[in-house]
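Below: one structure, written as structure tokens.
Values quoted throughout were computed directly from the atomic coordinates according to the rules given, and no laboratory measurement underlies them. Note that the coordinates shown come from a computational prediction; the quantities given were computed from them, not determined experimentally. In this analysis, Cβ positions are derived from the backbone assuming ideal geometry, glycine residues included, and neighbour counts consider all displayed protein chains.
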Amino acid sequence: MSFKFTEENLKKIEAVREKYPTALAAVMPVIYIAQEQNGYLSNEAMEEIASVLGVDKVNVLSVVTFYTMYHTKPMGKYHVQVCTNVSCMLRGGYQIWDQVKGKLGLDHMQVSEDSKFSLEEVECMGACGYAPMLAVNEDYFENLTKEKVEEILDSLK
Ligand code: FES
């Protein structure tokens, strides 16, 4: 499926580009803009990013495949990320992970049949002081308890 940036996003890219000394340095925010527009990073989206920035597609692909915040397949409407790295693990991260897996009926990188949920086990998300934590799309939920997790997941419509 073809991909073209919207006019609005092309303006955003222009503004982003002005903040960075080289086109390569602007790759990450531009990838993020593409993901926001398309929901995930298709081959066509990565080609368009490379074309708009005037960089090689391999530069885009290497960044996309390195960072877990970028997705090369469609995720659910609610992308739930549970951290099980050291701080979260020590404060019950694996119990939270098991709870969420059970509640959603999903495992790592699976998407529900209705595309409402996707689940990902992640490494540190920079909220170690508030462990254990999970994120739903861009929102962080910290100092989790089993009850809080239940409430958060039940609130997702
Ligand atoms: S270890 Fe979980 S946020 Fe850092």
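Can you give the percent of C-alpha pairs in the chain whose distance is more than 28 Å?
31
Would you compute, from DSSP H runs of 4+ residues alone, the mean residue ellipticity of the chain at 222 nm, taking -39500 (n - 2.57) per run and dividing by the full residue count, rounded to the nearest 500?
That calculation yields -14000 deg cm²/dmol at 222 nm.
Kindly state, to the nearest 0.05, the FRET efficiency for residue 1 paired with residue 156, given R0 = 25 Å and r defined as their beta-carbon distance.
0.35
Under 17 Å between alpha carbons: how many lysine pairs meet that in the stretch 28-133, if sequence neighbours fewer than 8 apart on the same chain are excluded?
Eligible lysine pairs with Cα atoms under 17 Å apart amount to 6.
Set Lys and Arg Cβ to +1 and Asp and Glu Cβ to -1, take the dipole of the chain about its Cα centre, and tell me which of 30, 46, 110 lies farthest positive.
Checked the options; the winner is 30.
Where the only charges are on Cβ atoms (+1 Lys, Arg; -1 Asp, Glu), what is the dipole of the stretch 78-155 about its Cα centre, to the nearest 20 debye?
Numbers: 6 positive and 14 negative charges, 47 e Å.
With only Lys, Arg, Asp and Glu charged at Cβ, the dipole is about 220 debye.
From the backbone phi of the stretch 67-80, what are the Karplus-calculated ³J(HN,Hα) couplings (6.51 cos²θ - 1.76 cosθ + 1.60, θ = phi - 60°) in whole Hz, Gly and Pro given as x?
Per residue, the Karplus-derived 3J(HN,Hα) values read 9, 6, 6, 9, 10, 9, 9, x, 9, x, 4, 10, 9, 9 Hz.
Say R0 is 41 Å: what FRET efficiency, to the nearest 0.05, do residue 146 and residue 65 get from their beta-carbon distance?
0.75
Counting alpha carbon pairs within less than 8 Å and at least 6 residues apart, what relative contact order, in whole percent, applies to the chain?
This gives 18 percent for the chain.
Between residue 112 and residue 19, what is 0.36 nm times their sequence separation minus the Cα-Cα distance? Round to one decimal in nm.
Length gained between residue 112 and residue 19: 29.6 nm.
Go through the cysteines of the chain and tell me which have no other cysteine Cβ under 4.7 Å away.
124, 128
Once you charge only the Cβ atoms, +1 for Lys and Arg and -1 for Asp and Glu, what is the size of the charge dipole of the chain about its Cα centre, to the nearest 20 debye?
Its charge dipole is roughly 120 debye.
Take the Cα of residue 47, step 7 Å along the line toward its Cβ, and report every residue of the stretch 1-41 whose backbone nitrogen sits under 13 Å from that point.
1-4
Looking only at the stretch 78-155, where both bridge partners belong to it, what percent of the DSSP beta bridges are antiparallel (to the nearest 5)?
Close to 55 percent.
Among DSSP beta bridges whose residues both lie in the chain, state the antiparallel percentage, nearest 5.
Expressed as a percentage, antiparallel bridges in the chain total about 55.
Name the aspartates and glutamates eligible as straight-distance cross-link partners of residue 4: C-alpha to C-alpha under 14 Å, and not fewer than 8 places from it in the same chain.
36, 44, 47, 48
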